[in-house]
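Read the structure below first, then the notes.
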Amino acid sequence: MAARGPALMQWLLAVSLLSLAANAQLSTTFYATSCPNLESIVRAAMTQAVSNEQRIGASLLRLFFHDCFVQGCDGSILLDAGGEKTAGPNANSVRGFEVIDTIKRNVEAACPGVVSCADILALAARDGTTLLGGPNWNVPLGRRDSTTASASLANQNLPPPTASLATLVSLFGRQGLSASDMTALSGAHTIGQARCATFRARVNGGDADIDPAFAALRQRTCPRSGGDGNLAPIDAQTPAAFDAAYFTNLLSRRGLFHSDQELFNGGSQDALVRQYSASPSLFRSDFAAAMIKMGNIGAGNAGQIRRNCRVVNS
């Protein structure tokens, strides 16, 4: 019986630590001691990546969004196995994995086994935004990497480009995000490009609520058939600059996706779209706040610190 005492104490301690981890709150100073140069390491790699290709800033912002909406912000989308990376909304679409690999290698060289891939992705998304002229914000850190990925949740939770306003509100609400959070976060479409397959129907007669000149412009590279992979800027005005032009486009019925134009189509978000178009500073502050809120999805989830972002530790 005496041997059970220490064993029981160890078991209780382990349970207590697991409980603390499950209820952990993210912190902007999480790595202040264990990896003090983390943010400068990530920023240096992102500066180089965006210098090589401006589009990558938008791609990593989108990658973070697609990660958070599935199992929380846990790096599950980075796993090669599990099918999440190739689920319907992600197939032939999400990109930037090689940049995350590079950052992870650099971070591991400085702080081995300390920083999660999920946190690296959160920082990369912020830096990609800032480097393209967007707002800066302090990123709360302390996420763990998942040991699973989910194709089914990706298919269920990620908003399609054909979504109605009601569907968008529902999908964002499922993640604890409000309709105004949704509209602010949709402003990420001020940067980046989209494949013809995602907007073909809208620009080729599928939507009445579209500026005819804009539809004709997009039809040049996105005909009724063929050219699925042809790219077009989501914001035709300033495609490589993070600004409020996306919302001005909506006022002119020049949203590239049906789901974009749904934000300004006689519904509940019309007033906010007008406000963001008139006040870029309001959009920037609301966007940063919504990114922090989205980044908290799944905070405290159990997991590991992956050595390689693409595979679960063996």
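Here are a few things to note about the model shown:
- Highest mean packing first, where packing is the average number of other Cβ atoms within 10 Å per residue, the peptides 272-282, 141-151, 258-268 line up as 141-151, 258-268, 272-282.
- Peptides 201-210, 185-194, ordered by how many other C-beta atoms sit within 10 Å of their residues on average, highest first, read 185-194, 201-210.
- Cα gyration tensor category, rounded, prolate or oblate, for segment 14-149 with a/c compared to 1.5: oblate
- With helices as the sole contributors, the chain gives -14500 deg cm²/dmol at 222 nm; each DSSP H run of n ≥ 4 counts as -39500 (n - 2.57), and the sum is divided by every residue.
- When the solvent-accessible area of the chain is split by element, carbon and sulfur atoms take up 55 percent of it, the probe being 1.4 Å.
- Cβ-placed point charges (K, R +1; D, E -1), dipole of the chain about Cα centre in debye, nearest 20: 320
- Segment 95-223, dipole about Cα centre (Lys/Arg Cβ +1, Asp/Glu Cβ -1), debye to the nearest 20: 240
- Pairwise label distance in nanometres, Asp228 with Gln193, each label 7 Å out on the Cα-Cβ vector: 1.8
- Three-way shape label, the chain, alpha-carbon gyration tensor, a/c 1.5: prolate
- The accessible area of Val311, taken with all protein chains in place and a 1.4 Å probe, comes to roughly 70 Å².
- Based on protein heavy atoms only, segment 204-314 ends up with 45 Å² per residue of surface accessible to a 1.4 Å probe.
- Rolling a 1.4 Å probe over the heavy atoms of the protein chains gives segment 73-159 an accessible area of 33 Å² per residue.
- When both segment 226-247 and segment 110-170 are represented by their alpha-carbon centers, they are found 21 Å apart.
- When Rg and the Kirkwood radius Rh are both evaluated on Cα atoms of segment 211-314, their ratio Rg/Rh stands at 1.11.
- Extension gain for the segment Ser164 to Asn92, taken as residue separation times 0.36 nm less the Cα-Cα distance, is 23.6 nm to one decimal.
- Computed FRET value (nearest 0.05) for Ser180 with Ala208, which takes r as the C-beta separation and R₀ as 25 Å: 0.40
The values are calculated or read from the model by the stated rules, or taken from the named source; none is laboratory data. Quantities reported herein were computed from a predicted structural model and do not represent experimental measurements. When we count neighbours, we look across all protein chains shown, and the Cβ atoms used for this are built from the backbone with ideal geometry, even at glycine. Only protein heavy atoms, including side chains, enter the accessible area calculation; ligands, DNA and RNA are left aside. Shrake-Rupley method; radii C 1.70, N 1.55, O 1.52, S 1.80 Å.
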